[in-house]
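A.B. asks: Sharing a structure here in C-alpha cells format.
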Amino acid sequence: RCSGSRLSSQSTGRSHFHQQFSHLLLKIQNSMPGELEAKRQKTETGVVVLEHSDLVAGKDLTAEIGKAYGPGGLGILYVRGVPGMAEARMALLPLSRKLALLPDEVLNKYECEKAFYCVGWSRGKEKFRGKPDVAKGSFYANPMYDDPSGGDPEVLEKYPVARPNIWPEEVPELQEALQRMGRMVYDVAKPIVKQVGKLVAEARPGHATTLYDRTFAESKFTVSRLLHYYGVTEKDEFGEWCGWHNDNSTITGLVPALWLEEDTGKQTTPRLGAGLFVEGRSGETIHVSSPPDCLGFQIGEAAQILSGGVVHATPHMVKGYISKEGEPKISRETYACFIQPQWDGELRPPSGTALQSIFEGREESKLIPPLSSRLKEVPVKFGDILQESAAVYYQHNNP
C-alpha cells in the first residue's frame, strides 16, 4: 500500500452528535428517487452518478453524496461529463502497457528504494501471501508537484515517500499525459470534498472546513499510481490482482480501466467477473465497473477520521481475468490519484466528537485490519498512520 496502497515499513458532545447525525440521515433517506433528477440516478450496481456541470455550478448534492459515502453507501461515486476526460484517458492509459513491457534492466533505473518503491517504478517489491507480487506493475508520481518536499532533508528522512518524481526517458510523453490526467482528477475532486465538508459540518458543528483545508489548501502530498495489471493464464497463480484494502487518502480518483490484448496492445472489451470489487455495507461483494465516460471517486480513511465517522471508507480489491488456453492474455490499464493530507497533516475528528464515533455507523469489515486497531489515539499525523497501516497490512497479507 502507498498512499492508499503500500509503504514498507470525549465523550463530550456525544448526545448532541447523535441528534444531529440522526437528522442528517433522515435528510438523506427522505430524498426519494422521484425527487432527484434522472441524470443523477444510481447505476445498476447502486453507485451514485453526479453530473460534472452540477458540481461546478455549486448545486447542493449533499444528499446524493451522503448516500454514496455515508455508513449505508458503497463508498464510491461517479462523475459524468468531465470535459476532456476521454482524450486524457486515451493519452495516458496505453502508456501504462508501454512502460510495463520495457526490459527489466530499463525499468530498474526508475525504481526508488529510498521511497519504499512508492516513487517511480515498482514491480515485485510487495509480498502477497508470502510471494513477490508480480501481478501488477506500478508507476508512482505526484501529478501536482514534481518535488513536494522542496528538498527538505528532515521531511525526506521521516517521510521518504515525499521524494521528487522520476520520469522515464524511454516514454517521454508519460510526464505530460500523467500530469494532465492527475490535475483533472484533482480539480474534479475539489467540489466533491467541499460538499462532503458541508455534510460533515451539518452533523458536527465543530468541523468547519477542516476536511477541505487539510486535503487541498495545506497539502502537496498527492500521489498517483499508473497501473498495468499483467495478463494471466490458467497456468499462473496470481489470484487477485490487488488484495482487499481501504485507501488511506481523503479521496481517491479512479480513471475507467482500459482492457488490452497484452501482446498486441489492441483494445478489447471489459471481462466479466474481473476488475474492481467493493464490500457492500452489509458485507456482500459488489462488482463496480466505471462507465468509460465517468471518473470514479472513492472516499478514504483520512476523510473518515476527519469527519468523525460521518463518511466511511470502503474495502475494495481488484480481481484479474484468467485467459483460457489459446486465448490472448488480457491486461488492465488504470490510474488512481490519491488526494490526501500533507505527510505531517494532523488528523482528528471534529471538536466535541469522541474517537469511538469514527468507527460507528457500520460494522467494521473482517476483510481488512480494522481502522480501530490502527487508530488508538488522536491527533495523529497522516504520514505516521500511513506508515503504521502499511506495516499492519503487510502482516495481514503475509501471515
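The values are calculated or read from the model by the stated rules, or taken from the named source; none is laboratory data. In this text the structure is predicted, and so the values were computed from the model without any measurement. Quick reminder, even Gly has a Cβ in these numbers, built from the backbone with ideal geometry, and neighbours come from all protein chains shown. Note: areas computed on protein heavy atoms with side chains; ligands, DNA, RNA excluded. Shrake-Rupley method; radii C 1.70, N 1.55, O 1.52, S 1.80 Å.
A.B. asks: Assign unit charges at the C-beta atoms only (+1 for Lys and Arg, -1 for Asp and Glu), then state the dipole size of the chain relative to its Cα centre in Debye, rounded to the nearest 20. Working shown, then result.
C.D. replies: Working: 46 positive and 50 negative charges, 144 e Å.
My answer is approximately 700 debye.
A.B. asks: Tell me the per residue accessible area of the chain using a 1.4 Å probe; a whole number in Å² is fine.
C.D. replies: Working: 16530 Å² over 399 residues.
It amounts to 41 Å² per residue over the chain.
A.B. asks: Let me ask something else. Which aspartates and glutamates have a Cα lying under 16 Å from the Cα of Lys59, excluding residues fewer than 8 positions away in the same chain?
C.D. replies: Glu35, Glu37, Glu51
A.B. asks: Skipping prolines and chain starts, which residues have an amide H placed within reach, meaning under 5 Å, of the one on Leu50, given they are 5 or more residues away or on another chain?
C.D. replies: Distant-sequence amide H within range of Leu50: Tyr78, Val79, Arg80.
A.B. asks: Okay, moving on. Ranked highest first by average number of other Cβ atoms within 10 Å, how do 194-205, 357-368 line up? Show your work: numbers first, answer last.
C.D. replies: Working: 194-205: 22.1, 357-368: 17.7.
The densest-packed peptide leads the list: 194-205, 357-368.
A.B. asks: Still on this structure, please answer the following. Rank Gly151, Asn165, Gly243 by how far each Cα sits towards the positive end of the charge dipole of segment 120-243 (+1 on Lys, Arg Cβ; -1 on Asp, Glu Cβ) and give me just the farthest.
C.D. replies: Gly243
A.B. asks: Mind jotting down the distance between the C-alpha centroids of segment 93-122 and segment 247-289, whole Å?
C.D. replies: First find each Cα centre; the distance between them is then 22 Å.
A.B. asks: Order these peptides, 110-116, 169-175, 339-345, by their mean beta-carbon neighbour count within 10 angstrom, highest first.
C.D. replies: Values: 110-116: 17.1, 169-175: 13.7, 339-345: 23.7.
Listed from highest to lowest mean packing, they are 339-345, 110-116, 169-175.
A.B. asks: Rounded if a/c is under 1.5, else prolate if a/b is larger than b/c, else oblate: which is segment 131-182, with a ≥ b ≥ c the root eigenvalues of its Cα gyration tensor? Could you put the intermediate results ahead of the total?
C.D. replies: Details: a/c = 2.34, a/b = 1.19, b/c = 1.96.
Here segment 131-182 falls in the oblate category.
A.B. asks: Let me ask something else. Could you tell me the center-to-center distance, by alpha carbons, between segment 333-399 and segment 293-315 in angstrom?
C.D. replies: Each part reduced to its Cα centre gives a spacing of 11 Å.
A.B. asks: At a Förster distance of 22 Å, what's the computed FRET efficiency of Tyr145 paired with Arg348, Cβ-Cβ distance as r, to 0.05? Write down the numbers at each step before the final one.
C.D. replies: On the way: r = 25 Å, r/R0 = 1.15.
My answer for the efficiency is 0.30.
A.B. asks: With the full set of protein chains in place, find how many percent of the accessible area of the chain is carbon and sulfur; take the probe as 1.4 Å. Could the numbers behind the result be given before it?
C.D. replies: Working: 8330 of 16530 Å².
Solvent-exposed carbon and sulfur of the chain make up 50 percent of the total.
A.B. asks: Hey, what does the equivalent ellipsoid look like for the chain, semi-axes from the Cα gyration tensor as sqrt of 5 times each eigenvalue, largest first, whole Å?
C.D. replies: Values: eigenvalues 208, 116, 82 Å².
Computed over the chain, the values are 32, 24, 20 Å.
A.B. asks: Which one, Leu306, Pro369, Thr334, is farthest towards the positive end of the dipole of segment 298-390 when Lys and Arg carry +1 and Asp and Glu -1 on their Cβ?
C.D. replies: Checking the options against the dipole of segment 298-390, the answer is Thr334.
A.B. asks: Suppose the chain between Asp236 and Asp213 were pulled fully straight at 0.36 nm per residue; how much longer would it get relative to their current alpha carbon spacing? Spell out each step's value before the answer.
C.D. replies: Values: separation 23, 0.36 × 23 = 8.28 nm, distance 4.55 nm.
Result: 3.7 nm gained on full extension.
A.B. asks: Please list, or write none, the aspartates and glutamates whose alpha carbon is within less than 16 Å of the alpha carbon of Lys136, excluding same-chain residues fewer than 8 places away.
C.D. replies: Asp104, Glu111, Glu126, Asp236, Glu237, Glu240, Glu261, Glu262, Asp263, Glu333
A.B. asks: What residue among Ser96, Leu61, Tyr117 has its Cα farthest toward the positive end of the dipole of segment 58-117, where the charges are +1 on Lys, Arg and -1 on Asp, Glu, each on the Cβ?
C.D. replies: Final value for the positive-end residue is Leu61.
A.B. asks: Which of Lys67/Lys131; Lys67/Lys366; Lys158/Lys319 have a Cα-Cα distance over 30 Å? Mind dumping the intermediate values first?
C.D. replies: Values: Lys67/Lys131 38 Å; Lys67/Lys366 22 Å; Lys158/Lys319 34 Å.
Pairs exceeding 30 Å: Lys67/Lys131; Lys158/Lys319.
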